[in-house]
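The numbers here are math on the coordinates, done by the rules we state, and not lab data. Computed from a predicted model, the values in this text were never measured in an experiment. In this analysis, Cβ positions are derived from the backbone assuming ideal geometry, glycine residues included, and neighbour counts consider all displayed protein chains.
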Amino acid sequence: MRILGIDPGLARVGYGVIETGPPMAMLDCGVISTEAGTSEGSRLVEIAADLRQLIRRWQPDLASVEKFFFYRSSNTIAVVQARGVLIMTLARFRIPIVEYPPMQIKLALAGHGHADKSDVQDAVMRELELTERPKPDDAADALAVALTAWFQR
């Protein structure tokens, strides 16, 4: 099974693609970046276009998306809008979607819901047999989201 993990954002959308194997392997990871100062609408269009390219390239069987929790932040609405574009794009390709909150991702990978980022990244490295931490953090987080989908199946 091929799983696409997504860590939503407006400036950077983390993505990670895993093959569940055996053996389990990371196929790709990175970020979809949008330029600050560009209109929000243009940034959302770019996110959708780049995600379509990823879907066509990797043809995932499942998408796993981190759930967004509301914080008092000036970019909350923009992140929620980006998440909506991501989910809509996945739905247009008829890719099943599962969603997990950060606490559940930490629990699935590190064994407790209050794990710190390094604990989660260590678990990603161990599960995917990586010799280096995936960079940037958004990509590593997306791999954790993908692994959570596999563990929770």
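Let me spell it out: the conditions are (1) within 21 Å of residue 44 (Cα to Cα); (2) surrounded by fewer than 17 Cβ atoms within 10 Å (Cβ to Cβ), and residue 79 meets all of them except one. Which number is the exception?
Going through (1) within 21 Å of residue 44 (Cα to Cα); (2) surrounded by fewer than 17 Cβ atoms within 10 Å (Cβ to Cβ) one by one, residue 79 breaks only (2).
Only one of these is of a type outside the set (Ser, Thr, Tyr), in contact with a helix residue (DSSP H, G or I) (Cβ under 9 Å, 6 or more places away or on another chain) and more than 24 Å from residue 21 (Cβ to Cβ): 84, 111. Name it.
On the way: 111 fails: more than 24 Å from residue 21 (Cβ to Cβ).
Unique residue meeting the criteria: 84.
Report whether or not residue 82 is touching a Pro at 6+ places or on another chain (Cβ under 8 Å), of a type in the set (Gly, Ala, Ser), in contact (Cβ under 8 Å) with a residue 12 or more places away in the chain and not in a strand (DSSP E or B).
On the way: touching a Pro at 6+ places or on another chain (Cβ under 8 Å): yes; of a type in the set (Gly, Ala, Ser): yes; in contact (Cβ under 8 Å) with a residue 12 or more places away in the chain: yes; not in a strand (DSSP E or B): yes.
Here the answer is yes, as residue 82 does meet what is asked.
List every residue pair whose Cβ atoms sit under 9 Å apart, with the two residues 6 or more apart in sequence or on different chains, where the first one lies in segment 126-141 and is within 15 Å of residue 13 (Cβ to Cβ) and the second, anywhere, is in a helix (DSSP H, G or I) and among the basic types (Lys, Arg).
Final answer for the pair search is 137/117; 140/117; 141/117.
Just the residues that are more than 22 Å from residue 80 (Cα to Cα), out of contact with any helix residue (DSSP H, G or I) (no Cβ under 8 Å at 6 or more places or on another chain) and surrounded by 12 or more Cβ atoms within 10 Å (Cβ to Cβ), please, taken from segment 1-60.
If the condition is that a residue be more than 22 Å from residue 80 (Cα to Cα), out of contact with any helix residue (DSSP H, G or I) (no Cβ under 8 Å at 6 or more places or on another chain) and surrounded by 12 or more Cβ atoms within 10 Å (Cβ to Cβ), then 19, 58, 59, 60 are the ones that fit.
I'm checking my understanding of the structure. Among residues of segment 97-140 that are small (Gly, Ala, Ser) and surrounded by 15 or more Cβ atoms within 10 Å (Cβ to Cβ), which one is nearest to residue 30 (Cα to Cα)?
Restricting attention to segment 97-140, the residues satisfying the condition of being small (Gly, Ala, Ser) are 108, 110-111, 113, 115, 118, 123, 139-140.
With surrounded by 15 or more Cβ atoms within 10 Å (Cβ to Cβ) added as a condition, the list becomes 108, 110, 115, 123, 139-140.
Working: 108: 22, 110: 22, 115: 23, 123: 18, 139: 5, 140: 8 Å.
Top of the filtered list is 139.
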